[in-house]
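Every read-out reported here was derived from the displayed coordinates using simple, explicitly stated rules and does not represent laboratory data. Small disclaimer: the values here were computed from a predicted structure and weren't measured. As a convention, Cβ positions derive from the backbone with ideal geometry for all residues, glycine included, and neighbour counts pool all protein chains shown.
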Amino acid sequence: MKTIAFINQKGGVGKTTCTMNIGAGLSKLGKKVLLIDLDPQAHLTYSLGIEAHTLQNTVYNLLKGLCRVEEIIITRNGLDLIPSSLELSGAELELSSVAGREFLLKEALEEIQNYDYILLDCPPSLGLLTLNALTTAREVYIPLQTEFLALQGMSKLISTVDIVKKRLNKNIEITGIIATRFDNRKNLNKEVVEKIEKYFGSRLFKTFIRDNVSLAEAPSYGQTIFEYKENSYGAKDYLNLCHEIINRG
Ligand SMILES: Nc1ncnc2c1ncn2[C@@H]1O[C@H](COP(=O)(O)OP(=O)(O)OP(=O)(O)O)[C@@H](O)[C@H]1O
Ligand SMILES: [Mg+2]
């Protein structure tokens with residue numbers, strides 16, 4: 001079982017798009033996948049066509065110990081999801097004085113075993129929810145937009161992972177960097193990719209996710225890219241990336 005957190009405290013870099021479509025791609029390739037929406041914006045939940053505000057139980061209730069994990073998993077087209085909702089925005093504050101607050105998610109998921117991949121979509125911050133992802137996961141994937149300032153904030157993110165590794169989870173590693181919204185026609189994009197490669201070396205996946213309008217449209221239909229437009233560049237890129245992820249072992 002591989003547990004991977006998608007983290008970047010910068011907003012709008014493709015964390016949710018990556019979590020959803022890598023999850024869907026791995027599932028298409030026969031893997032059993034659980035997605036966890038850890039963002040109070042609940043974009044992953046809504047993007048999969050689930051009306052977060054109508055749900056009884058979400059990851060918020062799970063973190064507060066108010067329900068069991070089996071009660072909140074939603075199965076949708078072969079993909080399992082632990083949904084989020086806006087309520088989660090209060091969790092950082094409400095849970096800030098709870099003993100063991102960094103391990104609430106890890107403990108709640110303890111019974112879960114029968115997945116090949118668990119993918120965690122994190123909010124654009126390095127607060128308590130992201131910390132919970134870092135104690136639960138073994139791997140961190142960082143999506144980076146191939147634009148100006150892509151690497152801004154990376155030293156803060158890397159030092160946060162280092163601190164967690166020292167104090168809370170010795171297994172955590174940054175193992176994958178995903179270049180997103182790549183446009184081959186733009187020189188700036190190519191220069192940024194070179195910089196990212198210099199910085200992260202072989203951890204940068206060889207498959208770049210191109211800028212593709214279908215990827216931006218699919219969530220408004222509540223669909224993954226494979227459901228929405230199977231022949232799009234977006235679907236091709238994410239499927240290639242999934243092959244790369246599986247081949248890394
Ligand atoms: N390869 C792509 N081509 C075109 N649009 C994309 C691509 N990847 C993501 N987008 C769009 O960019 C926007 C931001 O992506 P996304 O929501 O995945 O980022 P995020 O890092 O999860 O944001 P947040 O920090 O708010 O959670 C979305 O509107 C999404 O549809
Ligand atoms: Mg997001």
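Remarks
- Of all the residues in the stretch 7-48, those that are more than 8 Å from ligand 1 (Cβ to nearest atom), over 13 Å from residue 225 (Cα atoms) and assigned to a loop (DSSP other than H, G, I, E, B) number 9.
- Top-ranked residue of the stretch 91-142 - restricted to ones that are free of Cβ contacts under 8 Å to residues at least 12 places away in the same chain and not charged (D, E, K, R), ranked as nearest to ligand 1 (Cβ to nearest atom): 93
- Of the residues making up the stretch 11-46, those that are within 11 Å of ligand 2 (Cβ to nearest atom) and either surrounded by fewer than 24 Cβ atoms within 10 Å (Cβ to Cβ) or in contact (Cβ under 8 Å) with a residue 60 or more places away in the chain (or both) number 18.
- The set of residues in the stretch 202-249 being of a type in the set (A, V, I, L, M, F, W, C) and in a strand (DSSP E or B) consists of 204 alone.
- Qualifying residue in the stretch 111-121 (condition: in a helix (DSSP H, G or I) and surrounded by fewer than 18 Cβ atoms within 10 Å (Cβ to Cβ)): no
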